[in-house]
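Report on the structure given below.
The values are calculated or read from the model by the stated rules, or taken from the named source; none is laboratory data. Since this is a predicted model, take the numbers as computed values, not measurements. Using ideal geometry, Cβ is built from the backbone for each residue, glycine included, and neighbour counts are taken over all protein chains shown.
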Amino acid sequence: DIQMTQSPSTLSASVGDRVTITCRASQSMSRRLAWYLQKPGKAPKLLIYNASSLESGVPSRFSGSGSGTEFTLTISSLQPDDFATYYCQHYSPFFHTFGQGTKLEIK
Amino acid sequence: EVQLVQSGAEVKKPGESLKISCKGSGYGFSNFWVAWVRQMPGKGLEWIGIIYLGDSDTRYTRYSPSFQAQVTISADKSIGTAYLQWNSLKASDTAIYYCARQTPIMDLYHFDFWGQGTLVTVSS
């Protein structure tokens, strides 16, 4: 089974910063990757799917890239509402796995 | 609009059984795949398994190896509801459990809508 490793585990940044979160897969998975944002006490929310496709309604400051085994989520200019935990997910027809999460904190 | 509404919080004792639910609404909900995801206190997301609401055949249920034989996923197509069930709860089952809809977009399998979560607390 494919394992997902996210880095960093914690990231401190300021409003307006550009930040990047990385997700590495234990084996090639084409572009079958999604990114989610989760705020405390809330369900995860889909941001990106198919590695780089922006979900409807998600601000354009969020972008995804990558294929094969290395993927990145970039937030071009952090807003106060973006401080949360981010998860990557590998998906396939009958198997899903998540990265361990990256907590984005205010510096 | 698609919505997934989960059953309320539960407090159980070790050894007890439990069945929680996830009811979907919105156009054609009965023909989607619905997944269950666990989040233990202060931890990340773990995929439990997935079921197709459009058919009661067990061929359309899959489990993560980590959860196989630990839980049972079922569904009632007639009311568009998925279930997650335990026969004998353990303290380590304490977590928030989310249901999520797998996208209907062909050849993609991410989760586009999520339930609000059900907190299950197992304590003696």
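Inside segment B:15-46, residues that are of a type outside the set (D, E, K, R), part of a loop (DSSP other than H, G, I, E, B) and over 17 Å from B:Thr72 (Cα atoms) make up a count of 8. Restricting segment B:73-115 to residues that are within 15 Å of the chain's Cα centre (by Cα), buried (at least 16 other Cβ atoms within 10 Å of the Cβ) and among the polar types (S, T, N, Q), the residue that is farthest from the other protein chains (Cβ to nearest Cβ) is B:Thr81. All conditions but one from (1) away from chain B (no Cβ under 12 Å); (2) under 10 Å from the mean Cα position of the chain (by Cα) apply to A:Asp17; the one that does not is (2).
Would you mind stating whether B:Trp36 is touching a residue at least 60 places away in the same chain (Cβ under 8 Å) and within 9 Å of chain A (Cβ to nearest Cβ)? So B:Trp36 fails the test.
Just checking, does segment B:47-68 include any residue being surrounded by 19 or more Cβ atoms within 10 Å (Cβ to Cβ) and in contact with a His (Cβ under 7 Å, 6 or more places away or on another chain)? Within segment B:47-68, one or more residues are surrounded by 19 or more Cβ atoms within 10 Å (Cβ to Cβ) and in contact with a His (Cβ under 7 Å, 6 or more places away or on another chain). If the condition is being within 14 Å of chain B (Cβ to nearest Cβ) and of a type in the set (Lys, Arg), then segment A:20-58 contributes A:Arg31, A:Arg32, A:Lys39, A:Lys42, A:Lys45. Residue-level analysis places A:Tyr91 outside the set of residues that are more than 22 Å from B:Asp107 (Cβ to Cβ) and either within 9 Å of chain B (Cβ to nearest Cβ) or modelled with pLDDT of 95 or more (or both).
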